[in-house]
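Have a look at the structure below before the remarks.
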Amino acid sequence: MTASNSRESQHPIDALFLDRWSPRAFTNETMPEADLLKMLEAAHWAPSSFNHQPWRFVYALRGSEHWDKFLSLLIDFNQGWVKSAAALLFVISRTHSGVLGSTEQKAIYSHSFDAGTAWGFLALQAHLSGYEAHGMTGVHFDKATEVLGIPDGFRLEAAVAIGKIGDKNQLPDSLREREIPSHRKPLSEVAFNGTFIAR
């Protein structure tokens with residue numbers, strides 16, 4: 001087993017996987033675009049079906065001309081804490097392969113799965129770079145799709161806030177109590193040898 005960051009795994013793993021977590025309290029600091037591009041660079045080296053690389057990212061940095069617009073695409077609850085982050089991005093997946101608009105496009109069954117893998121890579125690189133990333137689906141999806149100009153053939157998957165960990169006392173009481181690394185179910189509840197068990 002491995003113990004780190006108030007977490008403990010059942011089997012020995014690299015502490016990186018325990019140290020990465022999803023805080024809501026950030027420092028209200030800006031981020032150099034180069035730092036974010038490093039995370040996106042890591043994300044786009046994720047594996048994907050037939051190397052389709054269906055992930056797409058649209059981002060805004062704190063203090064930029066797009067920041068307030070991007071923040072408004074989140075539900076009010078998430079706006080309340082994301083406003084202290086350094087960057088906000090939206091993860092989008094392309095649902096079909098082939099030339100856009102072509103009648104020969106084929107559905108990519110794993111587009112969301114592959115985009116999720118890329119997001120995982122981004123979150124790990126964020127941690128390695130001294131930041132943390134918090135993914136969320138509390139998004140006004142219809143509004144965001146329109147505002148971001150996402151056409152048919154692409155799916156808006158989630159939003160991600162990134163920043164350096166800040167003082168949890170800036171959060172409302174209800175969130176302050178939850179501002180700790182979360183734990184995981186026992187591995188036996190999610191991994192099965194030979195036969196699936198619905199739990």
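The apolar share of the surface of the chain, taken as the fraction of accessible area on carbon and sulfur atoms (1.4 Å probe, ligands and nucleic acids excluded), comes to 53 percent. Probing with 1.4 Å while keeping every protein chain in the model, the per residue accessible area of region 1-100 equals 52 Å².
Over the C-alpha atoms of region 147-199, the Rg to Rh ratio, Rh being the Kirkwood estimate, stands at 1.16. For LEU128, the solvent-accessible surface computed with a 1.4 Å probe is close to 110 Å², ligands and nucleic acids excluded. Among the lysines of region 27-166, pairs at least eight places apart or on separate chains and with Cα atoms under 24 Å apart come to 8. In the chain, the DSSP-assigned H stretches of four residues or longer account for a calculated mean residue ellipticity at 222 nm of -7500 deg cm²/dmol, using -39500 (n - 2.57) per stretch and the full residue count as denominator. The residues MET31, MET1, sorted by heavy-atom accessible surface at 1.4 Å with ligands and nucleic acids left out, run MET1, MET31 from largest to smallest. If you sort LEU37, LEU124 by accessible surface, 1.4 Å probe, largest first, the order is LEU37, LEU124. Counted residue by residue at 0.36 nm each, then reduced by the alpha carbon distance between them, the extension gain from SER6 to VAL147 reaches 46.7 nm.
The values are calculated or read from the model by the stated rules, or taken from the named source; none is laboratory data. This one's a predicted model, so the numbers in the text were calculated from it and none came from an experiment. For accessibility, only protein heavy atoms count, side chains too; no ligands or nucleic acids. Shrake-Rupley method; radii C 1.70, N 1.55, O 1.52, S 1.80 Å.
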